[in-house]
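**Student:** Would you mind keeping the following structure in view while I ask a few things?
None of the figures in this text is laboratory data; all of them are computed from the coordinates on show. Just so it is clear, the model here is predicted, and its values are computed rather than measured. Neighbour counts run over all protein chains shown; Cβ positions are idealised from the backbone, glycine included.
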Amino acid sequence: MNKRLEMLLLTLLLLAFVVGCAKKGSITGGEKDETPPAFVKAFPPNFSTNFNKDEIRIYFDEYIKLKDAQKQIIISPPMDPKPTITPLGSAAKYIKIKFEDTLLQNTTYSINFGESVEDNNEGNAFPFFRYVFSTGDFLDSLSIKGTVNNSVQKKIDPYITVALYESDENYTDSLVFNTVPRYVTNTLDSTSFDFYNLKEGKFKLIALKDAASNYLYEPKQDKIGFYEEIITLPADTAKVFNIEIFKEISDFKALLPKQVSKNEFLFPYRGEADSMNIKILSETPENFQSLVFPDKEKDTLHYWFKPFFEVDSLIFEVTNVKNYRDTLVSRFKDQYKDSLLVTSAYGSSLPLNKNFTFSANTPIDSINQQHITLTDKDTLAVPFSVVLDTIKNEAQINFEKTESNTYFLQMLPDAIKDFVGNVNDTININFRTKELSDYGTIFLTLQNVETYPVIVEVTNEKDEVISEKIASKEELLTFDYLDPGKYYIRVIIDSNKNGKWDTGNFLKRIQPEAIKYFPDVIDVRANWELKQTFILE
């Protein structure tokens, strides 16, 4: 073997040895860093007194970034204008806070960073870091804590602003609309809140779902909650304060109507309709007729009229039972006439405990039952009756349902006639029923109910009401025909006995009606019966 061949073989052997070693000892990069950044120092130092600087720098042991700074970082008392805080959108080893205005004298300030401080690489958070300083010669040191819950939802909204207003000779409840509070904090993504570094005094405790993040109450978009009594510090520091937030119902106001088809106007409104009445003031034909029905989802009334007539605009007067009166003007022109469209409320599956219900996009005027047939899977005629509800603009077909059956509903032309003269074309609808064993049942017993009546609701995971009963005495409540799934139970304490839940009002100092939630999720299965006892606390 010549030397050149020997050298080639030796080179190949060495290369194979190196590759083998590389496979055995490949670099993995080490374990993931799960250590949060650590606070190193601050200038001026944390918990400084006689503070007179216009800038703060807070140093950490590694590069950090600020996540969701606008939501997470809370400065109390609030500053206007807000200071400039960096870094935002980049990384640095320190946080710089630059004040844009003069600080209050003899005041303790707290800058709560929530969970905004994270290391730049792995996103490990340094939670609940606070920087505190005083422009006086001592730090206020009192504290309180509490919880915030949503009055009608089991799951609380995140980032609820909690505020304390000084209850002195200048305090009125109207301050929440136009004045920032003395102290603020928030719940982050939990239900609890804490205030630190408070001074002695008397305070009003408020909670806001503050959509604009301006610490002011704007009823159109914000939720509010309040603690009824005035808090006295230091006497009340040991208490835990619980607040229920709610959405107030605005005072009624009719909004500008809009013509949406040849014979229809929409009348939106704010607040409760309270028997809202619409009267046309413009001159109309002698045979003029109108009718009104509410929208199923929006705070809107559908106003229909006939016949159509030529005019540039229409004048309406809107009133309600609370002596509201307003005059509204809307442009008026010829448009396309709506066709009659019929929709079913239950789709292809009809619950055994419900009647087949349908509605229309135009007002249903009459139903000719002679033009309607209903047959089952054996093509046998099924006896039925039709009930028309003109207030809801829907109709029910009542018949005796059987399990696991298929039904065929046919509406021939002219079966349905609407307010403006439209009639239906042939409508064919197939739907079915399930077996009784496809459903589950909850038998519920209430205990420790102080006053009746109470409203008992079964809701799904989206807080939608699936079934509701009013209990006027101690009795066994049956919630049947429930599809398999997870459910919640809540009991509304119907204080004013009007059969519905009523929200609160801050200026009138009215709390929302109390709602008690069954503590556990109820897993309903097919062909199961569950017995539950709910002890109200």
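**Student:** How large is ³J(HN,Hα) for each residue in segment 360-370, as worked out from phi by the Karplus curve 6.51 cos²θ - 1.76 cosθ + 1.60 (θ = phi - 60°), to whole Hz, x for Gly and Pro?
**Tutor:** Those phi angles translate into 9, 7, 10, x, 6, 9, 7, 10, 9, 5, 5 Hz.
**Student:** What does the charge dipole of segment 107-161 about its Cα centre add up to, to the nearest 20 debye, if the Cβ of each Lys and Arg holds +1 and the Cβ of each Asp and Glu holds -1?
**Tutor:** About 380 debye.
**Student:** For the charge dipole of the chain, defined by +1 on Lys and Arg C-beta atoms and -1 on Asp and Glu C-beta atoms about the Cα centroid, which residue among V311, V329, A235 has the Cα displaced farthest towards the positive pole?
**Tutor:** Farthest along the dipole direction, towards plus: A235.
**Student:** Rounded to the nearest 500 deg cm²/dmol, what is the calculated helix-only ellipticity per residue at 222 nm for the chain, with -39500 (n - 2.57) per DSSP H run of length n ≥ 4?
**Tutor:** Helices in the chain give a 222 nm mean residue ellipticity of -1500 deg cm²/dmol.
**Student:** Highest first, please rank the peptides 145-152, 450-457 by the mean number of other Cβ atoms sitting within 10 Å of their residues.
**Tutor:** Most protected by this proxy first, the peptides run 145-152, 450-457.
**Student:** Next question, about the same structure. Semi-axes of the equivalent ellipsoid of segment 175-307: what are they in whole Å, largest first, if each equals the square root of 5 times a C-alpha gyration tensor eigenvalue?
**Tutor:** With the √(5λ) rule applied to segment 175-307, the semi-axes are 49, 13, 12 Å.
**Student:** If you take the charge dipole of segment 383-458 about its Cα centre, with +1 on Lys and Arg Cβ and -1 on Asp and Glu Cβ, which of A395, V458, Q410 is farthest toward its positive end?
**Tutor:** Most positive-ward Cα: Q410.
**Student:** Using alpha carbons only, how many degrees (0 to 90, rounded to 10) separate the axis of helix 3-24 from the longest principal axis of the chain?
**Tutor:** Between helix and principal axis, roughly 60 degrees.
**Student:** Right, next: How would you rank 157-165, 293-301, highest first, on the average number of other Cβ atoms within 10 Å across their residues?
**Tutor:** 157-165, 293-301
**Student:** Ok, one more. Net charge near E229, counting Lys/Arg +1 and Asp/Glu -1 over other residues with Cβ under 15 Å of its Cβ?
**Tutor:** Its environment carries a net charge of 0.
**Student:** Report, ordered by chain and residue number, the aspartates and glutamates lying within cross-link reach of K82, taken as a straight Cα distance under 17 Å and ignoring same-chain residues fewer than 8 apart.
**Tutor:** The qualifying aspartates and glutamates are D54, E55, D68, E100, D101, D210.
**Student:** To the nearest 20 debye, what is the magnitude of the charge dipole of the chain about its Cα centre, counting +1 on the Cβ of each Lys and Arg and -1 on the Cβ of each Asp and Glu?
**Tutor:** It comes to approximately 1420 debye.
**Student:** Taking amide H atoms as placed 1.01 Å from N in the peptide plane, list the residues 5 or more away in sequence, or in a different chain, whose amide H sits under 5 Å from that of E264.
**Tutor:** Those lying under 5 Å, H to H, from E264: there are none.
**Student:** Please list, in order along segment 458-475, the HN-Hα scalar couplings obtained from phi with the Karplus expression 6.51 cos²θ - 1.76 cosθ + 1.60 (θ = phi - 60°), rounded to whole Hz, x for Gly and Pro.
**Tutor:** 9, 10, 8, 6, 9, 6, 7, 6, 8, 8, 9, 9, 9, 9, 9, 7, 6, 7
**Student:** Expressed as a whole number of Å, what is the distance separating the alpha-carbon centroids of segment 96-124 and segment 135-184?
**Tutor:** Segment 135-184 and segment 96-124 have Cα centres separated by 19 Å.
**Student:** Roughly what percent of Cα-Cα pairs across segment 286-326 reach past 10 Å?
**Tutor:** 81 percent
**Student:** Kirkwood hydrodynamic radius, the chain, all distinct C-alpha pairs: what's the number in Å?
**Tutor:** Hydrodynamic radius (Kirkwood, Cα only) of the chain equals 29.9 Å.
**Student:** Shape of segment 310-353 from its Cα gyration tensor (a ≥ b ≥ c, root eigenvalues): rounded if a/c is under 1.5, otherwise prolate when a/b > b/c, or oblate?
**Tutor:** Oblate is the answer for segment 310-353, as a/c is 1.5 or above yet b/c matches or exceeds a/b.
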